[in-house]
Amino acid sequence: MRNKKIALITGISGQDGSFLSELLLKKGYEVHGIIRRSSSFNTSKIDHIFDKLELNYGDLTDSTSIDTIIQKIKPDEIYHLGAQSHVKVSFDIPKYTSDVNSFGTLYLLESMKKHVPNAKFYNASSSELFGKVQETPQNENTPFYPISPYGVSKIHSYWMTKTYRQSYNLFATNGILFNHESERRGGTFVTKKVISKLIDMIVYHGNVEPLLIGNLEAKRDWGYTPEYVEGMWKMLQHSEPDDFVLATGETHSVRELIEEACKQLNLNLEWYGKGKSEIGICTNLGISRKTIVKVNPIYFRPNEINSLLGDPSKAKKLLNWEAKIKFKELIEIMIKNEFNK
């Protein structure tokens, strides 16, 4: 008889994995994670709880390592968060993106079916499934239309999870999470990139290169990660496996993100030009007007999603889950943390 529930997390060293690990530890779980063997340490987001975790070397592209880990620890709950998760990068490395995101899910489900068929499985799906959106807002019944290798790979992962649920009666759930950010977000993601660069502008009195940005008009539904990982946990505590959208129900553009961050940082921002030539100038940084934002086409995606807006009504009704931290407060949290660093 086990004293504790055992959870296995793929992607444990990432933003979502670190917050989920904290949550599960507080709830009394024994928490295991899968990390790739590397010549350099990549565990900075979980260093503060490192001694409380059980880490296993494995790779989502290697079915043997996945099978060995699951057979050894026999988890009660599996949280599959690991992925090549950068959409722009997925156009550059589509095969690797597909190998990790598509087949990693398959290997986990197959091993679960073989070794722990009574366990519960959470698959981190994505709002990128909706791609060229067919309706607004998007909910669990909205048709999918992915337009990136990342989105397509996540379609495979979504349907594989659903297929194993229906075919083998596994407790396998898809969480279709819209963009969720935090102070632990990686520097290549737009929220962290914008805030870090603007704070550098202040700290170094404008003596840094401008923020280079892609599509200013792209709109996303941005929430706060700690609330979203609680939603993941709630999905596996539900009476039966199902698929759920987690979102704030608000959408904001990248332009709004920059403007709100500037407002909170007391930077006076003025826009000039249009399209690929547009720039943002700050009028109160140092003694001269300083260009702090430049549009750079190198950051445009080959195929761009213009607007995502989630409808979390089902999660609110069945899971009692609701996003409380919205756009402005999210930016405030990230700014405060960046200044503290």
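The values are calculated or read from the model by the stated rules, or taken from the named source; none is laboratory data. Since this is a predicted model, take the numbers as computed values, not measurements. No Cβ is skipped: glycine too gets one built from the backbone with ideal geometry, and neighbour counts run over all protein chains shown.
Here are a few things to note about the model shown:
- Of all residues in region 166-175, one or more are under 13 Å from the mean Cα position of the chain (by Cα) and either closer than 30 Å to K290 by Cα or not hydroxyl-bearing (S, T, Y) (or both).
- So K52, is it among the basic types (K, R), at negative phi and touching a residue at least 60 places away in the same chain (Cβ under 8 Å): no
Residue-wise test of (1) buried (at least 16 other Cβ atoms within 10 Å of the Cβ); (2) touching a residue at least 60 places away in the same chain (Cβ under 8 Å); (3) more than 18 Å from V194 (Cβ to Cβ).
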position: G273; (1), (2), (3): no, no, yes
position: L285; (1), (2), (3): yes, yes, no
position: N303; (1), (2), (3): no, yes, yes
position: P312; (1), (2), (3): yes, yes, yes
position: K316; (1), (2), (3): no, no, yes
position: N320; (1), (2), (3): no, yes, yes
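- Tally of residues being among the hydrophobic types (A, V, I, L, M, F, W, C) and buried (at least 17 other Cβ atoms within 10 Å of the Cβ) across region 24-50: 5
- Among residues of region 105-158, those that are farther than 18 Å from V89 by Cα, among the acidic types (D, E) and touching a helix residue (DSSP H, G or I) at 6+ places or on another chain (Cβ under 9 Å), counted: 2
- Restricted to region 84-101, and to residues there that are modelled with pLDDT under 90 and not in a helix (DSSP H, G or I), the residue that is surrounded by the most Cβ atoms within 10 Å (Cβ to Cβ) is S85.
- Identity of the residue in region 102-126, hydroxyl-bearing (S, T, Y) and assigned to a helix (DSSP H, G or I), that ends up farthest from L60 (Cα to Cα): S111
- The lone exception for L318 - which of (1) more than 16 Å from I202 (Cβ to Cβ); (2) in a loop (DSSP other than H, G, I, E, B) it fails: (2)
- Candidates I287, I298, filtered to the one that is modelled with pLDDT under 90, within 30 Å of V208 (Cβ to Cβ) and not in a loop (DSSP other than H, G, I, E, B): I298
- Listed here are the strands (runs of 3 or more DSSP E) enclosed by region 137-251 that have at least 1 residues being under 30 Å from L269 (Cα atoms): 211-213.
- Residue count for region 207-225 satisfying the condition of being farther than 16 Å from I305 by Cβ and surrounded by fewer than 18 Cβ atoms within 10 Å (Cβ to Cβ): 4.
- Criterion: under 30 Å from E260 (Cα atoms), surrounded by 24 or more Cβ atoms within 10 Å (Cβ to Cβ) and hydrophobic (A, V, I, L, M, F, W, C) - qualifying residue of F130, F189: F130
- Enumeration of residues in region 264-277 that are in contact with a helix residue (DSSP H, G or I) (Cβ under 9 Å, 6 or more places away or on another chain) and either modelled with pLDDT of 95 or more or closer than 18 Å to K290 by Cα (or both): Q264, L265, N266, L267, N268, L269, W271
- Within region 303-319, being among the charged types (D, E, K, R) and under 26 Å from L216 (Cα atoms) holds for E304, D311.
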